[in-house]
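Here is the structure we will look at.
The values are calculated or read from the model by the stated rules, or taken from the named source; none is laboratory data. This one's a predicted model, so the numbers in the text were calculated from it and none came from an experiment. Here the Cβ positions follow ideal geometry from the backbone for every residue, glycine too, while neighbour counts run over all protein chains shown. Keep in mind that these areas ignore ligands, DNA and RNA; they rest on the heavy atoms of the full protein, side chains included. Shrake-Rupley method; radii C 1.70, N 1.55, O 1.52, S 1.80 Å.
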Amino acid sequence: MRIHEHTAKKIFQGEGIPVPSSQLVKTPQEAEKAAKNIGKPVALKAQVLVGGRGKAGGIKLVDDLSQVCETAEELFRSKIKGEPVKKLLVEEKLDIKSEFYVSISMDRSARKPIVMASMNGGMDIEELARENPDKIVKYYINPLEEFLPYQAREIARKMGVESSIIPKVGSIIFDLFKVFKKYDATIAEINPLVYTDEGIMAADAKLIIDDDAFYRQKKIAKIENIPKDEFAYVKLPGNIAVIGNGAGLTLSGMDMLKLFGGEPATFLDIGGGASEENISRAMELVISNEHVKVVFLNVLGGITRADDVARGVLNVLKASERDVPIVIRLTGTNEDEGQRILAEAGLSFETSMEEAAKKAVNICNSMG
Ligand code: GDP
Ligand code: MN
């Protein structure tokens with residue numbers, strides 16, 4: 001899960017990393033006000049989750065504060081690599097003397113966090129690796145030992161930065177590892193880390209949280225406004241909602257549907273071991289989509305229990321105002337109990353995915 005720059009900066013700052021003063025805004029008028037508060041030239045930065053935002057036109061430097069409103073308006077109207085701009089970070093413009101690169105990421109093959117750092121920041125790491133591979137310092141952190149400040153300073157020294165700033169750059173690398181560890185990150189990156197007359201600070205902040213650890217990063221979910229359900233959910237142009245447990249099964253369900261001439265309205269993977277409540281929420285989500293004519297629920301219970309699925313479905317049907325036909329394929333763990341619950345409620349079910357897909361398409365076609 002990638003985190004927005006403004007949230008990442010708050011987190012970095014919380015662990016001691018200096019960041020420029022800034023304010024998050026939602027309208028051009030707010031941008032103007034924020035710039036007035038800052039009182040000097042500003043950078044307007046689109047809060048989008050795409051890389052290479054600057055090059056794609058997502059960052060505008062404004063020297064004349066009377067231009068802030070207009071420039072912000074332009075940004076709010078634009079899309080950066082397809083992503084609409086809903087928020088801007090209004091940040092003091094920096095007088096940059098040099099740009100460094102510092103990141104900590106998980107090296108899966110080494111099974112260790114790796115620090116990568118370079119005196120030549122600003123460009124992305126791929127470009128850096130192409131153009132100046134020998135200018136990148138790589139340092140593996142032993143996860144079984146404590147990472148110590150002198151090791152971080154050693155990295156700063158190897159980067160080749162001026163000796164007077166080695167302690168500061170070192171402490172930022174040290175603090176960045178605190179972020180990495182505390183927030184279950186797979187990537188924590190500062191690019192550029194800038195050297196200005198006012199000191200050294202993170203001009204940009206990138207933070208990606210390990211999806212499998214997201215459940216324990218509630219603070220981030222709250223700031224970023226991320227809903228609790230972690231469904232993999234994609235809206236599609238068709239009219240049959242496909243819900244499955246596991247991405248592979250959900251995709252096969254979609255394939256099967258297409259095979260019989262149906263068009264999926266959703267890809268919704270409820271994941272492994274979804275609870276009764278989760279299944280209810282998934283059902284509610286697709287039923288609330290007015291393009292959905294039929295729901296095709298495709299469950300092969302492993303960790304997910306068929307009886308939980310059956311109960312989750314019934315709860316929604318009882319409460320729902322819309323009467324959407326549901327075709328259920330239900331097998332796997334606790335299937336007898338699950339099927340019994342459905343049968344008792346007068347709901348039919350299939351055990352073969354193929355039969356269920358065919359039935360969903362037929363019902364949909366018969367509705368015209
Ligand atoms: P990114 O394109 O999403 O990585 O956005 P960055 O925040 O890293 O900004 C891209 C580039 O804008 C930086 O590498 C700087 O060279 C340049 N830049 C120029 N002035 C400023 C400034 O005042 N603040 C920031 N953040 N970047 C600036
Ligand atoms: Mn950047």
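Quick notes on this structure:
- Considering residues of the range 71-121 that are small (Gly, Ala, Ser) and buried (at least 17 other Cβ atoms within 10 Å of the Cβ) only, the residue nearest to ligand 2 (Cβ to nearest atom): GLY121
- Remark: pairs (first residue in the range 144-158, within 17 Å of VAL102 (Cβ to Cβ); second residue loosely packed, with under 10 Cβ neighbours inside 10 Å; Cβ separation under 9 Å; 6+ apart in sequence or on different chains) = ARG157/SER163.
- Filtered residues of the range 197-217 (kept if within 16 Å of ligand 2 (Cβ to nearest atom) and open to solvent by less than 30 Å² (accessible area, probe 1.4 Å)): ILE200, MET201, ALA202, ALA203, ALA205, LEU207
For every residue, the table says whether it meets (1) touching a residue at least 60 places away in the same chain (Cβ under 8 Å); (2) assigned to a helix (DSSP H, G or I).
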| residue | (1), (2) |
| --- | --- |
| GLY16 | yes, no |
| LEU49 | no, no |
| GLY57 | no, yes |
| LYS60 | no, no |
| PHE100 | yes, no |
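- Whichever residue in the range 18-47 is assigned to a loop (DSSP other than H, G, I, E, B), closer than 17 Å to ARG77 by Cβ and away from ligand 2 (no atom under 16 Å from the Cβ) and, among such residues, is least open to solvent (accessible area, probe 1.4 Å): THR27
- Number of the condition not met by GLU73 [criteria: (1) assigned to a loop (DSSP other than H, G, I, E, B); (2) acidic (Asp, Glu); (3) in contact with a helix residue (DSSP H, G or I) (Cβ under 8 Å, 6 or more places away or on another chain)]: (1)
- When residues of the range 205-227 are limited to those that are in a loop (DSSP other than H, G, I, E, B) and either at pLDDT 80 or above or of a type in the set (Gly, Ala, Ser) (or both), the one farthest from GLY122 (Cα to Cα): GLN217
- Checking SER66 against (1) polar (S, T, N, Q); (2) within 14 Å of ligand 1 (Cβ to nearest atom); (3) over 23 Å from the mean Cα position of the chain (by Cα), the condition it does not meet: (2)
- Among all positions in the range 129-151, there is no residue which is within 14 Å of ASN191 (Cβ to Cβ), out of contact with any Phe, Trp or Tyr (no Cβ under 6 Å at 6 or more places or on another chain), modelled with pLDDT of 95 or more and not β-branched (Val, Ile, Thr).
- Hey, LEU176 without any contact (Cβ under 8 Å) to a residue 60 or more places away in the chain, within 16 Å of ligand 1 (Cβ to nearest atom), outside any loop (DSSP other than H, G, I, E, B) and crowded, with 19+ Cβ neighbours inside 10 Å or not: no
- Tallying residues that are closer than 18 Å to ILE172 by Cβ and open to solvent by 100 Å² or more (accessible area, probe 1.4 Å) within the range 122-145 yields 1.
- Filtering the range 61-70 for residues that are within 16 Å of ligand 2 (Cβ to nearest atom), open to solvent by 60 Å² or more (accessible area, probe 1.4 Å) and in contact with a Leu (Cβ under 9 Å, 6 or more places away or on another chain) leaves a non-empty set.
- Meets criteria (closer than 24 Å to ASP184 by Cα and among the hydroxyl-bearing types (Ser, Thr, Tyr)) for THR7: yes
- Listed by position, the helices (runs of 4 or more DSSP H) contained in the range 232-341 that have at least 3 residues being within 21 Å of SER352 (Cα to Cα) are 247-259, 306-319.
Listed here are the residues, each with its yes/no results for (1) touching a helix residue (DSSP H, G or I) at 6+ places or on another chain (Cβ under 6 Å); (2) open to solvent by 70 Å² or more (accessible area, probe 1.4 Å); (3) over 19 Å from GLY262 (Cβ atoms); (4) touching a residue at least 24 places away in the same chain (Cβ under 8 Å).
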| residue | (1), (2), (3), (4) |
| --- | --- |
| ASN289 | no, no, no, yes |
| ARG311 | yes, yes, yes, yes |
| GLU321 | no, yes, yes, no |
| LYS359 | no, no, no, yes |
